[in-house]
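Participant: Quick one: this structure, given as structure tokens, is what I'll be asking you about.
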Amino acid sequence: MSSASSPSLVADMLEQLAPQPGHRVLEIGAATGINTALLAELTSPGGTVVTIELDQDLADGARASLDRAGYDTVTVVCGDGALGDPNHAPYDQITITAGAWDISAAW
């Protein structure tokens, strides 16, 4: 199950993260892929975004939406975000858009 965050909350989170062109960003919690697309815009040109989604259906939906919108610099991974994604590391920044009980050592 997933829900969209308030646009003002999303804007606040992106402003605090302050991604720049060329940055490599790890996002935990793809959901619909909307925030992922915003990150892709903010890190272009030259940046990449990896987003991890625990739920296979949500990951597939995010990938399909991002593909339709032309975001080919985004990698969608279905997995446990608490484990991070060392296959695409290192990252300049990490943002968590899902529930997290603690800061994972993998991040």
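The values are calculated or read from the model by the stated rules, or taken from the named source; none is laboratory data. All values derive from a computational prediction rather than experimental measurement. Don't worry about glycine lacking a Cβ; one is built from the backbone with ideal geometry, like all the others, and counts go over all protein chains shown. Note: accessible area is taken over every heavy atom of the protein model, side chains too, but ligands, DNA and RNA are not part of it. Shrake-Rupley method; radii C 1.70, N 1.55, O 1.52, S 1.80 Å.
Participant: With the requirement that a residue be open to solvent by 50 Å² or more (accessible area, probe 1.4 Å), part of a loop (DSSP other than H, G, I, E, B) and in contact with a strand residue (DSSP E or B) (Cβ under 8 Å, 6 or more places away or on another chain), what does segment 70-88 give you?
Facilitator: T73, D80 - these are the residues of segment 70-88 that are open to solvent by 50 Å² or more (accessible area, probe 1.4 Å), part of a loop (DSSP other than H, G, I, E, B) and in contact with a strand residue (DSSP E or B) (Cβ under 8 Å, 6 or more places away or on another chain).
Participant: Could I ask something else about it? Just wondering, is there one or more residues in segment 55-69 that are part of a loop (DSSP other than H, G, I, E, B), within 21 Å of M13 (Cα to Cα) and either touching a helix residue (DSSP H, G or I) at 6+ places or on another chain (Cβ under 7 Å) or modelled with pLDDT of 90 or more (or both)? Can you show your working first?
Facilitator: Pass one, segment 55-69, residues part of a loop (DSSP other than H, G, I, E, B): 55.
Among the residues that remain, those that are also within 21 Å of M13 (Cα to Cα) are: none.
So far as segment 55-69 goes, no, none of its residues is part of a loop (DSSP other than H, G, I, E, B), within 21 Å of M13 (Cα to Cα) and either touching a helix residue (DSSP H, G or I) at 6+ places or on another chain (Cβ under 7 Å) or modelled with pLDDT of 90 or more (or both).
Participant: Test of understanding: among T32, T43, which residue is hydroxyl-bearing (S, T, Y) and within 11 Å of the chain's Cα centre (by Cα)?
Facilitator: Values: T43 fails: within 11 Å of the chain's Cα centre (by Cα).
T32 is the lone residue from the list that is hydroxyl-bearing (S, T, Y) and within 11 Å of the chain's Cα centre (by Cα).
Participant: Now, a different point. Can you report the number of residues in segment 2-37 which are open to solvent by 70 Å² or more (accessible area, probe 1.4 Å) and within 20 Å of W107 (Cβ to Cβ)? Spell out how you get there, then give the answer.
Facilitator: So in segment 2-37, the residues open to solvent by 70 Å² or more (accessible area, probe 1.4 Å) come out as 3-4, 7-9, 12, 15-16, 20-21, 24, 32, 34.
Imposing the further condition that a residue be within 20 Å of W107 (Cβ to Cβ) reduces the set to 16, 20, 24.
So the answer is 3.
Participant: Among T43, T95, which is within 23 Å of P7 (Cα to Cα), buried (at least 22 other Cβ atoms within 10 Å of the Cβ), at pLDDT 90 or above and not basic (K, R)?
Facilitator: Values: T95 fails: buried (at least 22 other Cβ atoms within 10 Å of the Cβ).
Exactly one residue qualifies, and that residue is T43.
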